[in-house]
Each structure stands twice: as structure tokens, then as C-alpha cells.
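Worksheet for the structure shown next.
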Amino acid sequence: MGILDIIQSIIPTALFFSAPLIFTALGGVFSERSGVVNIGLEGLMVMGAFVGIVFNLTFADVFGAATPWLSILAAMVVSSIFSIIHAVASVSFRADQVVSGVAINFLALGLGVFLTKQWYGKGQTDMVSQPFYSLDIPFLSDVPILGPLFFQDMYMTSYLAIFIAFIAWFILYKTPFGLRLRSVGEHPMAADTNGINVYAMRYIAVMISGAMGGIGGSVFALTIAMNFSQSTIVGQGFMSLAAVIFGKWHPLGAMGAALFFGFAQSLSVISAGIPLLEDIPQIYLLIAPYVLTILALAGFIGRAEAPKANGEPYIKGSR
Amino acid sequence: ACGSSGEEGSEGNAGDDSSGSDTNKEDSGEAADSDFSAAMVTDIGGVDDKSFNQSAWEGLQAFGEENGLAQGEGIDYAQSENDADYMPNLNRLVREDYNLIFGIGFKLTESLNTVAEQNPETDFALVDAVAEAENIANITFKEHQGSFLVGVAAAMKTESNKVGFVGGENSELIKKFESGFRAGVASVNPDIEVNVQYAESFGAADKGKVIASNMYSGGVDVIYHASGATGNGVFAQAKDIKKNDPSSNVWVIGVDRDQHEEGAIGDNNVTLTSMVKRVDIAVQEVAALSQSGEFPGGEVLEFGLEDDGVSVAKTNEDAMTDDIVKEVENWKQKIIDGEVEVPSTEDELDEYLNTL
Amino acid sequence: MFSNRLFNILIPVISVVLGLLAGAVIMISFGYNPVAGYQALWNGSFGDTYFFGETIRQVTPYIFTGLAVAFAFRSGLFNIGAEGQVIVGWLASVWVGASFDGPMIIHLPLALIAAALAGALWGFLPGLLKAKLGVHEVIITIMMNYIALHVSNTLIRTVLSENKDTSDKITDSASLASSWLMEWTSYSRLHYGILVALFAAVVMWFLLEKTTAGFELRSVGFNKHASEYAGMNVGKNIILAMVISGAFAGLGGAMEGLGTFGYMPTHSAFTNLGFDGIAVALLGGNHALGVVLSAILFGTLKIGALNMPTEADVPSELVEIVIALIIFFVASSYIIRWALLRLKKEGK
Amino acid sequence: MENYVVEMLNIRKEFPGIVANDNITLQVKQGEIHALLGENGAGKSTLMNVLFGLYQPENGEIKVKGEKVNITDPNIANRLGIGMVHQHFMLVDTFTVTQNIILGSEPKKGGTIDIKTAEKEVAALSDRYGLKVDPSAKIQDISVGMQQRVEILKTLYRGADVLILDEPTAVLTPQEIKELIDIMNSLIKEGKSIILITHKLKEIMEVCDRCTVVRKGQGIGTVTVKDSSPDELASLMVGREISFKTEKTAANPKESILSIKGLRAKDSRKVEMVKGLDLEVRAGEIVGLAGVDGNGQSELIEAITGLRKTEAGTITLNGKDITNLPPRKVTESGVAHIPQDRHKFGLVLDFPVGENMVLQTYHKAPFAKKSMLSYKNIYEHAKRLIKEYDVRTPSAFTKARALSGGNQQKAIIGREVDRSPDLLIAAQPTRGLDVGAIEFIHKKLIEERDKGRAVLLLSFELDEVLNVSDRIAVMFDGKIVANVTPEETNEQELGLLMAGSKLEKEGGR
Ligand SMILES: Nc1ncnc2c1ncn2[C@@H]1O[C@H](COP(=O)(O)OP(=O)(O)OP(=O)(O)O)[C@@H](O)[C@H]1O
Ligand SMILES: Nc1ncnc2c1ncn2[C@@H]1O[C@H](COP(=O)(O)OP(=O)(O)OP(=O)(O)O)[C@@H](O)[C@H]1O
Ligand SMILES: [Mg+2]
Ligand SMILES: [Mg+2]
């Protein structure tokens, strides 16, 4: 394989691998930027995957080719509603946000598998008939070099993920809403004295993380797993959380981190087939993505400051 | 065939409140020899894993049907969520006085050994591995034989002369699949390149998809997966390619049961064939032996091609052309006749390849 | 008047009750009988000596992972890496336990120490990176989990066995298993590890509350700046906290390796002992005694749940939901406290 | 009937276990600067938070321009034209000046923040009232004085007519205080009214029209400032006589304790802040370090105490080189340090008071034996210090967080002084404290001097420097530019020196 071939096989795989992580990590950025730690991302993805698959199985006949898009929409809505539990606990009930996030993870998996058994009578659903398919972008895919790299065999959801990362950046850094949301995560009392409803902002932010986690989970299910079971989402939510921190709580950073994970994973798979690397014991390739991440963090990413009020419940009138 | 019966299997565990086993437990001291009963402990997959746990339960249910037994009354199962759960599950069933208890999956070997030694009066059976105790019947399958045949099919089907194998874990068991497959491929055409990769997980669909994507784009056109849910990613990738270019020559070979359903994409189907492992047949057979007092304790029962313990699915008639089927049958006969000794380990494979 | 102490006892109890009640509501709404369900849960965890033994057996590693996470929390660190530390601890204990035979008085401690050291090593790296470079420990520990999983699987196949899926068995001289305990609990796998675990809880309490090292760790956990100003070496304490936390988790792995299993199988997924440890620690308020109690709760629910489908036809996933609800209610203790105060006021 | 813009009548506010405001009445006239005076914890901030809508009173009523209002949150206060500059700044460090000012009422252009317009508005507003700020600078990069101006701009941006300033001068340098007073005057000229909370009676005398005094949550009454005197105000506030001029005998300096030669140090952004500084402090004298904030004082102190690496030069203590020793070694060589930021560096707020009292010495006998803590000794020690230093706390087991600022400070001073250091460094030890507490602390510093210790006092308050020091070292641009004695100088001259002008007569030694 030539270098170009290698890159050509790495990038598209990296992109579809990363897309679910990007969505979910963006949600994490919103939540944590508002001051609510969210280790429930895993659970929100589980919920998203579950709803996406159930909707797809149920309505494939009705909606035809539009089904996958409607499925992620449904997943988005349901996960967002589901995430209110985290919001109620950590915003209104002043719960330890880590504990509440852990509860979300347990709850989502328990509910998902329980309902699957109730509704389908077995531990895993059938495969969906209307998943997402990759496609070539007309014209662009014919551009030499760049075409095969970025516009052939691509999932629309991958583009959507990158697009939404920019939207998220725009919202957080260019709009009044974003300014207010970030202020709530840095100094909620300052926000409060400026007439911003801290609780409302945090509810919204957590629900956005629910919505994005829902999209992430359903995109994973509808591009990769194709069905739902206990083991559909295993660790992707935690990887997304890692991406949030790796990306320094910045939407584009989180996207970059998620792409990095995808890239590293893809690289490790592809290396097994590269003649020079073939003889490397497999274990090195297996752990390569994780080692690369550690090296990247230790080498040049370094210290990252979390939003100042991240993890602290806001109690009106306390100092 | 196995896949379609998933619905039936489930009926038993949907809400039935009358818990008959409750009383069973209370009077566990009594001897219950009059009625034969059998139960099983699943491994982490669970009884509806569309794989061998499910298949085993189907076998037990079929046995129950023949003998007028139903779940909770004569037959039952216990599901494990964790490696540590095997022991309590096995013991619970022992305490409920089941005459025969199956452990499904090699992961239960150690636990079953211990429980069997502690309960010499009970019959046990272990699927997919070999234990030491005298009161354990060991059910294994000649997966290498079935894999050999799907290897033959793959070799016949490939146009690029590149095929792939995706393994779940690089373990002794999965090596059997790999060795048989590679032997089968090489028997048809030694020049075919076999791309082997292990995902190191039975539940990583994303990794399965990355591997498949890489293999297919590298020219591989048939992938045999022995990787559980990781294989979902392989199917996803194959179907995606097929969807974009229905004329493309991409195939997946399923494992454990007929994965025809998984390969359906519109009017096409990417499942070339599957290496079917009939755990149900084996379970039913051992249960019958135990009931009739001919329990093969301490023995190793190897289910292979000759007794349909492993077989090759031919559901996809468009893909499995007559040529292929003929060739597969041809090799099957040779194996049954003992003309061909299918390798089941890396070393045996090397030896085998040298003889070609 | 409710005293603070009473509150601290009352709130977890109320949370557990509320969680069980909510679980009952779910059972009823799906047509299951909650009384039968919970009875099966009880029978499956404490119904007879066997299940009692198994429950305690399950509690043992939970105590360790709970202590691990709690210890890090008290020092201001979030150790999501207990999972990986369990795995390497398990591996190390089995490695030492299987590689030779010798007098138990040497062999068993050696195997335990190996596990603690392996876990400590797995905690050392995130600690070092945090202390020296400020890299967030959450990401590094997540990555270390995956590395532990893959490395240990490979080592089991290549070094600890001849290309098998389980390591060789440990020799008796390294085993925590006890024929006496087993006989007493009708051949459950209850082993002496529970004593080690309880001892570890005492060690954690003692270390944090009674020693100067614990004073430093807690101080750094609350306020790095003031600690540095007061002459403490913040970096050293961060590393130390992660190392001790990792050692606890590593010992949790040894409970599996030297007690429950006596060998180590390859894992195609995480054991979840470490992840559950997060919930155990937080439920237990990050205090040693609290961790022990919440580990007991967790172990009970997990083992009891296995009996629910068999005895009462209730799916075991429901227990997962009940656990989630209990954690949720504990987390929301503020609102319970508030409600109690309201009740008290109206009672007056 | 008087023309009041704001009336707070018989306000009562309770917190669990304490009545913070008990029947307080405050009436502010249109166009006046109204002082609110009281000891630490008297309930001033609470009262103002009630007016600003952060707390709801249990009792009493509020009228704005004669109309009864119900202020349930800050938005309503804003709408009513009430703005508040809080005691602890309500600014987001990572945001720019403009972002902080517009937060919550952002100018928009097509859904996005119109930052250009906003910056222009901010610039215009700051010109109008003479509040110099850099609209695009980040809060974390600007001085405390500028942060304060940003806070004032925030209220003006929202069209406030009544400004509440809660201890605005506690954190300012004399120059900045002068500027603030000018600003207040120009605000009054524009028709605004101001409520000013301060512990500095001089300021009240200088700028305020009337003064309302509260004591332990009770309203004591309102006086017209020009008919009153600092002594009267102080005794109204405390309920006893207070002396302002610190009583002390002449110093009797002995051998040199601290000697710094050619010290250079950089700040965390790698900018050189200490540029070849020489300084000497002798046993039995208090050296006041005067200077405008940001001239390297913090870096100097961090360098001495081992919290910051030096680039060049030597620091000797009792003839022993302590340059670049770690903090613990420095401490053990005989240095004690009352840090500027008591919350960040001084205390572990979640530790009990008792454990905070041994933050440096927990590992030594009698607090620890063989690495084992002796809680008995720790708490006995704490109880003694609490008594000796009059730390008002329910018990030694109470978390430091629950103490008022003044008492937290007393706890730190007790801890540091009790270690009998050779050198005591006190950085802004009286910031934000009431006169009673200040008196106490000054007395303690002088006592230490009289015991033969060397004291280095960093303060931005010229009053304090002039009153307490035996010798004043003026720091400017990373160097000591002058050494003078309080007797031979005055505020004007010090102010000039601090601004960098040369001393004509070579004073000092
Ligand atoms: N959030 C709160 N919760 C409980 N009690 C409080 C709270 N805030 C203030 N208090 C109580 O109210 C009293 C008045 O506090 P307040 O902050 O108003 O004092 P202050 O006069 O502003 O003091 P200082 O001069 O130090 O700023 C305090 O002594 C304290 O006991
Ligand atoms: N969250 C809280 N809960 C209980 N009491 C509080 C709380 N916050 C403040 N207090 C009380 O408020 C009182 C005064 O606190 P405050 O911070 O106003 O003191 P201060 O002298 O103004 O301190 P500083 O100089 O730091 O501003 C303290 O006695 C403390 O008990
Ligand atoms: Mg105040
Ligand atoms: Mg104050």
C-alpha cells in the first residue's frame, strides 16, 4: 500500500468511527460549559441507540428512506427528555453530579434492555432495515486526491457531526445564549446578578447534552451496530467524555479529539495490513490508540482548565 | 432456521407470575427422581443472544416438548451477567434438584468442574470445552470442519483472490475457526490470500466495521466473521457497499447460526453462507441420553459434519451457486470419509498447508 | 430534633426504600408481582448460607473498588481507572500465585502485594501526568483501562498459559479460598478476602483520619493552593493518592484472582467492578465505613437479582433500574433532607 | 415629605440560626452618597442583597421613588434602576470587559452578539463617567481597580440610578480610591444616588452626605456626616470608644534578619516583575512595603516564602541562604506568612478551624508522633489560639468556611504568630476588616516587633503603612526606590514615590 492508499483508507473510516463520538462530546461540552459534569453521556448514548433502533424497526415501513433521519430525531427528543432526570438531580436537587451521572448510566442500560425484552421478547432487537448508508458526494467525489479522501463513501451523519461542531462553536461563542451559558458555568452568581436564570440555563444545557447524546447513540446504532442490545454502547460515552476534556471543553476541540480517536483506531486496524508493520505483535497495535492519546496529552496538549463552576450545584444566596 | 424461532423462545420468559419453581426450592431436600428435569446456565450472552445460548435453550425446549416439560416445570435456564455469576447460577440449579445441568460456553469450564466435583449425584454437560470431572459430559463441535467448508465456499466465490477472517478473540476456540477456514480456502486455491484480523472483543461493532471497511477497500471480497456482535459491524459495512453498488462482489459468512437475515439489503443479501453450529441438536441428544440412563459422563462428544453438529447454510440460493454447493458437498464427503483431516490449530494448519 | 448524625443514617436508608418502592411501581406497571420479586431478591442473596456466602463474596471486590474511588475522591481526584487497576491487579496476583509453590505465609502475601503494586503502577502514571503536566486524570485513566484490558488478555494467552483463554490455576499456597468457609456456606466461594477487604477499609480510615500523610492528602484534596503554601508537596500527594487508590483497586482484582476464581480468564469486555466502584464510593459518601455498607448493598442486589427471573419471573434488568433509582435518591439527599425538615416543622 | 429614591423600612432577614437584619430602616435621598456603616457581620451586605433582589426579607417593605415594590430577583432591581457592585466581584474571569458588561442584556445583530456596537457603547459610557477600561481586555488580565470600574460600568450600562457599592475601596490602592471618589462625584452630578459600604471612616467623612449605622443586625440610626465625627461614627458602630492612632513605642532594631540582594523574579506569565531588588529587615522593626499593586510585591513575597523560583539574587535569613528552598524549608527556617488571599492560600475552608491551625505543623510534635496525628493536642492548641486571638467561632471543630472574614483572618494570624517566627510577613492583613478587628491586628504586629521579631508589612493602605511601620520601603517597578521613616514623610510624598518619582532629600538611612 502506498501512503495515499493508506490515508485513503484511514480517513473515511476515522470519520464514521468518530461521528457518534463528536455528537455526544458536543453535548458534553454544552453540559459542562454550563457547570454540570456529565459522566452520564454513556447512558444518554444508550438511550439514543435504543430509541433510534426501536423507532426504525417500528416505522421503517411508514417512512421509507426518511426513517433513519426521523429515528435520530426521535432519539434526540427522547434522550433529551430522559436527561431531565440528570438536570433535576444535579440542578434542582443539588445532587453530586458525578453520582447522578452514574445513575443515568445504570438507568439507561437497565431501561433499554428491560424494554427490549418486554417489547421484542429477547435480549436484542432484529437488525434495522433502514440504516444510514454511505454515499459519494456528486462532483466533489471526482476531485482527484481530495475526492476519495473526503467525499467518497461518506456518511451524511459524519458531515452533520462536523457541521454541528461548528454550529455549536458559533452558538457558544457568538450568540447571547452561548455567552450566558458559559457565564453560568464559570461564575453562576455573577450570571444570576446579571438577571440570568442559572437553573434554566443549566436545564437547557443538560437537555442539549441529552439531545446530542441521543443523536450520537442513534447514529452509532444506525451506521455501525444496526441493532440494540446490552452490548451496543460499551464505552463510547466514556470516550466522548474523554474527548470533551481532551478538547478542552471547546466544541471544535472536542470534535478534533473525537476525530483523533477515530484516526488512531483506524490507524491501528490498518497498520495490521501494512507490510512494514505486519510483524509488530498485535498487542501493540491494539493499545496504540490509547497510548497515542496519552502521548498526545502528555506531549503537547497538557493542562486544561475546566469551567470554574463545573460540578458545583448553584445555591442561590450562598457565597 | 434457528433465527426464526427466536420468538418462541421468548414466550417463556414474558410475564408469567405463577412461580412454580418457588415451591421447588422449598422442598429441595426431597428426591425428585421420578421426573427427569434439565436446566442450563448461559454465559454472558444470555438466552436470547441469537447465538449458541439461544440455540442451546431451543434444544432444551425441544427436549421439553417431547417429554411434556415446560419452563419452570422440568426445564429452566439461568442467565449470567458476569464471569462471577456462573457459580451461583449453577448452584442454584443444583439446589433445585435438576438431574442434568448444562453449562453453555467454554467460560464455564472451571466453574462447572468445581460444582460437578461437589455434586457427584448430578449430571452436568459442558458446551464448547472439555472439563475433567467424571459427571460432566463434554460437548464440543468440529467448528474447524464447518469453517473448512465455508472456506471452500469463500474460495469459490472470491474474484479478487483475497478473502478475510475477522475473529472475536484470539483464543484457542476461535483459532479453530480460523485454521479450518484457511485450510478450506487453500484447498481450493492455495494462491488466495487470507487476511486475518482479531477485534479482541465480541461486542465491538465499531471495530468490526473499521476492520471490514479496511478489508473490503483493500480488495477482500468475502469475509468470514467469528466475532459475535462485532460481526454486526462487518455486516453493516458489507451492506453499505452493496447498497451503493448492488453489482459489487462483497460477501459475509456468518457464524454459529444462519445469519441470512442479517445480510438482507433490499432484494440483495450479502450473507453468502453461515457456519451453523447446532448446539440445539447436541443439547437435545445429551438430555435424551441422560434421561435414558446412558449419560456419557467424562466423555467428550464431538459433533461434526457427520452428525449435522456443524453445517453450512444454503439459504442464499442466488449466491451459493450449484458449483459452490457441489464443491462444498464434495469436500464434506471427503471429510466425513476421513480422506481429509481438517486442521484445528495453527500448527496443524501449517502441516496441512505443506501437504497441499 | 434530628441530629446531623441521624440524618446521615436516615437519608441513605430512605433512599434505598424509595428506590425499592419505585422499582415496585415499575414491576406492577409491567404486570409483575413486586412482593414475589423482592422475596426472590432476598432469597437469592440471603435465603440460605450458600447465597449468603456468594453475596459476601461479591461484596469483597466492591469494597476494594469502592475504597479505591473514594480514596482518590478524598484527595480531589476522580479515578475512573479502577476498572483497569482491577484487571492488572487480578493478573499480577494470578501470575505470582501460579508461578511457584511455597509456604503460604510468604506466597499469599506476595501475591497480594503483587496485585497492589500492579494496581498502584496503573494509578501512578495518571498521577504522574496530573502532577507534572496537569493532564486531566479522567482521560488518562479511561485510556489506561483499555490498555489494561488488552495487555492482560495478551499476557494470559502468551505468558500465563499456553495460548489458552484462562491462565493457569494458582497453587493452594496463594489461595484465599477456605474449605472451612466453603463448607460453612454450603460450598459457596466465600473466601478470606472479605477479611482483607474489611482490613483495607480500616486502613483507609486510619490512613486518612489518623496519620499525617492522610492530613496532607485531604488538605490537598480540598485546597491545593493553601496546601502548597503550607509547605506540602502537592505533586507528591497527587501521585501518592493515585498510587494508593490504584493499590486498593489492584487488591480488588486479587480478590477475584486469589479468591473467587483462582485463575484469570481473558475478558472480552470490562469486569465492571471498577465502574460499579464509582457508584459504591459515592453511595458510601467516600468514607470507609460508608463504602463497606454500600458495597454490601450493591453485592446483595447484584447476587439477589440473579434469582429473580428463576424464582419470580421478574427480569433481572429491573434490579439495574432499582440500583439506578437508589443512587439517584442518594444523590438527591438534599431534597430528602429538605422534606424531612418540612415534616419536622409541620409536626411541631 | 422628603424626596427618597429608595426606602427600606423595618427590614428583617433571617438565616438559619441567625437574624442578619433585624428591623433596619434605610432611606436614601435623591442625589446623595449614603454611607452604610457597621462591623464585620453586622448585616450590611445582607441588607443590600435584599434591596438587589438576591434575598427575600421576612418582614418590612421597600419603596422606590415612593412606590412600594416587591423585588424578587435582580432583574427587577435592574428594571427599577438599582445596580449593585458586590463585595466579591461578580465578574467572569475568562470573559472580556465588554462581555461582562453586556452579559444578560446583549445588543444583537441577527441573533448574534453585536460585539462591535457593544464595545463602542462601553467605550462611550466609560468616557462619559471617566471610568478608564480596555473594552476588549480579559478580566483575568486587568487590575483589581479596573475590575471595579467594570462592575460600576455594568450597573450604568443597565441604566442604574441608584448604585450600591459594597466595600469598593477595600481592594483598591490609594490612587485607585482617589479615582473612585472622583467617579462617584461625577455620578452624583449626573443625577445618580449612591449607597456606599465601607469600613474606612475617613472616606465616609470625605464623600458621604449621610450615614446609616447598623450594629449586630440592628439599625442604630442615621446621621448627617458633616455634623458628625469619625469618633462618633466609630462608637455608634461598635458601641464603645475606638482609638485610631496605633499606640506604639519607638522601635529598637537589632541584628539583620532578612537580607535580600539583587533579587530577580518573573510572574507566571514569564514577565520579569522583581528586577534586582535589595531589602533588609532587622529584628525588632516593622518594615512597611508601600507601593501600587502590580509593582512586584506579590512576586517578592512569593519568592521569599519559596512559592516562586527566583531568577537571580540571594535571600538570606539569619545569615542562612534560603533562596529557592521549598516552602516547608523556608517556614522551618523561621518565616511566617499571612497571605493576601486568605481563601485561596490561607485556609483549607473545608477543614475545621482546629486543623487549619496546624496546617504547617501537623507533622511535628506535639501534633504528631511517629506520623500519627494527635487530635487531642491539635485541638488543645487550637482552643488556646482561639482564646488568645479572640477568634469568634462556635467551636474549634467548626469548618473554617463558616467563619466571617475577620475571624478567618484572626485564625490565620494566630497560627502564624504563634509559631514565633524570626520573620513575619503580613500581606494586607486587615483587608476588608472592621476597625475593631484592624485595631486588634495592628496591636498584634507591634507586640511581635517588641518581642524582637522582624516584621514585613505589605499594604496598599498608606494609613496603615504610616501608622504601623517603623520604616517604609517604597517599591516601584520591581525595585525598592526609597527607604523613609514615617516621621519624615507624609501621604503626599509617599504617593509620589509610589508613582515612581525620585526622592530629593536622600531619606532613610
Ligand atoms: N448566606 C448566608 N447564610 C447564612 N447566614 C448568612 C448568610 N449571609 C450572611 N449571613 C449572616 O448574616 C450576618 C450578616 O452578614 P453580612 O454579610 O450582611 O455582614 P456584613 O455586615 O456585610 O459584614 P462585612 O462587613 O464583613 O461585609 C452574618 O453574620 C451571618 O451570620
Ligand atoms: N453559606 C453560608 N452558610 C452559612 N453561613 C454563611 C454562609 N456564607 C456566609 N455565612 C456567614 O456569613 C458571615 C459573614 O460572612 P462574610 O463572608 O460576609 O464575612 P466577611 O467578613 O464579609 O468576609 P469577607 O471579608 O471575606 O468578605 C459568617 O459569619 C458566616 O457564618
Ligand atoms: Mg459584607
Ligand atoms: Mg466582608
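Assuming charge only on the beta carbon of Lys and Arg (+1) and of Asp and Glu (-1), the dipole of region C:33-313 about its Cα centre is about 800 debye to the nearest 20.
Taking all Cα-Cα distances within region D:2-119, those exceeding 24 Å account for 38%. With 0.36 nm allotted per residue and the present C-alpha distance subtracted, the residue B:160-residue B:67 stretch has 28.3 nm of extension available. What angle, in degrees between 0 and 90 and rounded to the nearest 10, separates the Cα long axis of helix A:41-63 from the longest principal axis of the Cα atoms of chain A? Here the helix axis deviates by roughly 60 degrees.
Ligands, DNA and RNA left out, the 1.4 Å accessible surface of region B:240-287 is 42% carbon and sulfur atoms. Taking every alpha-carbon pair within region B:115-170, the share separated by more than 14 Å comes to 69 percent. Take every DSSP beta bridge whose two residues both sit in the protein assembly as shown; close to 45 percent of them are antiparallel. Peptide C:302-310 is shielded by partner chain Cβ atoms: per residue, an average of 5 of them sit within 10 Å of its Cβ. Volume per residue for region D:346-420 equals 77 cubic angstrom (convex hull of Cα atoms). With a 10 Å cut-off around each Cβ of D:61-70, the average count of Cβ atoms from other chains is 0. Amide H to amide H, with H built 1.01 Å from N, residue D:471 comes under 5 Å of D:286, D:288, counting only residues 5 or more places away or on other chains. When the square roots of the Cα gyration tensor eigenvalues are ordered a ≥ b ≥ c, the ratio a/c for region A:66-177 is 1.5 or more and a/b does not exceed b/c, which makes its shape oblate. For region D:398-486, evaluate the Debye formula with one uniform point scatterer on each Cα (no solvent term) and list log10 I(q)/I(0) at q = 0.19 Å⁻¹, rounded to two decimals. So the normalised log intensities are -0.93. Between residue D:123 and residue A:159, the simple label model (points 7 Å from Cα in the Cβ direction) yields a spacing of 4.2 nm. Kirkwood-type hydrodynamic radius, region C:33-313: 18.9 Å, calculated from all non-identical alpha-carbon pairs. For region C:193-348, the square roots of the Cα gyration tensor eigenvalues, ordered a ≥ b ≥ c, give a/c of at least 1.5 with a/b no greater than b/c, which places it in the oblate category.
Taking label points 7 Å from Cα along the Cα-to-Cβ direction, residue C:49 and residue A:312 give a separation of 5.5 nm. The C-alpha radius of gyration of region A:18-80, expressed as a fraction of 2.2 N^0.38 Å, stands at 1.23. Shape summary: region D:4-238 maps onto an equivalent ellipsoid whose semi-axes, from the alpha-carbon gyration tensor, are 30, 20, 16 Å in decreasing order.
Quick check on region A:187-235: take the gyration tensor over C-alpha atoms, sort the square-rooted eigenvalues as a ≥ b ≥ c, and tell me if it's rounded (a/c under 1.5), prolate or oblate. Prolate. With the convex hull of its Cα atoms as the shape, chain D has an orientation-averaged projected area of 25.8 nm². Calculated [222 nm] ellipticity per residue, helices only, for chain C: -25500 deg cm²/dmol; basis is -39500 (n - 2.57) per DSSP H run with n ≥ 4, divided by all residues, nearest 500. What is the helix-to-structure angle for A:251-271, meaning the angle in degrees between its Cα long axis and the longest Cα principal axis of chain A, kept from 0 to 90 and rounded to the nearest 10? So the helix axis and the longest Cα principal axis differ by about 30 degrees. Peptide B:217-229 has a mean shielding of 2, counted as Cβ atoms of other protein chains within 10 Å of each residue's Cβ. Within region D:434-474, the percentage of alpha carbon pairs spaced more than 13 angstrom apart rounds to 53%.
Would you mind calculating the relative contact order of region A:214-319 from Cα pairs under 8 angstrom and at least 6 residues apart, reporting the percent as a whole number? Relative contact order, region A:214-319: 20 percent.
The length gained by stretching the chain between residue C:105 and residue C:17 to full extension, at 0.36 nm per residue less their Cα-Cα distance, is 27.3 nm.
Summarised in one figure, the compactness ratio Rg/Rh of the protein assembly as shown, Cα atoms and Kirkwood Rh, is 1.03. Relative to its residue count, chain A spans a Cα convex hull of 146 Å³ per residue. Summed over qualifying helices (DSSP H, 4 residues or more, each -39500 (n - 2.57)) and divided by its residue number, chain B shows a 222 nm mean residue ellipticity of -13000 deg cm²/dmol. Stokes-Einstein, applied to the Kirkwood radius of chain B over Cα pairs at a viscosity of 0.890 mPa s and 25 °C, places its translational diffusion at 117 µm² s⁻¹. Here the simple spin-label model places points 7 Å from the Cα toward Cβ, and for residue C:28 and residue B:248 these points are separated by 5.5 nm. Counting only alpha carbon atoms, the long axis of helix D:115-129 and the longest principal axis of chain D meet at about 80°.
The values are calculated or read from the model by the stated rules, or taken from the named source; none is laboratory data. Keep in mind the model is a prediction, meaning the values are calculated, not measured. No Cβ is skipped: glycine too gets one built from the backbone with ideal geometry, and neighbour counts run over all protein chains shown. Just the protein is used for accessible areas: all its heavy atoms, side chains included, with ligands, DNA and RNA removed. Shrake-Rupley method; radii C 1.70, N 1.55, O 1.52, S 1.80 Å.
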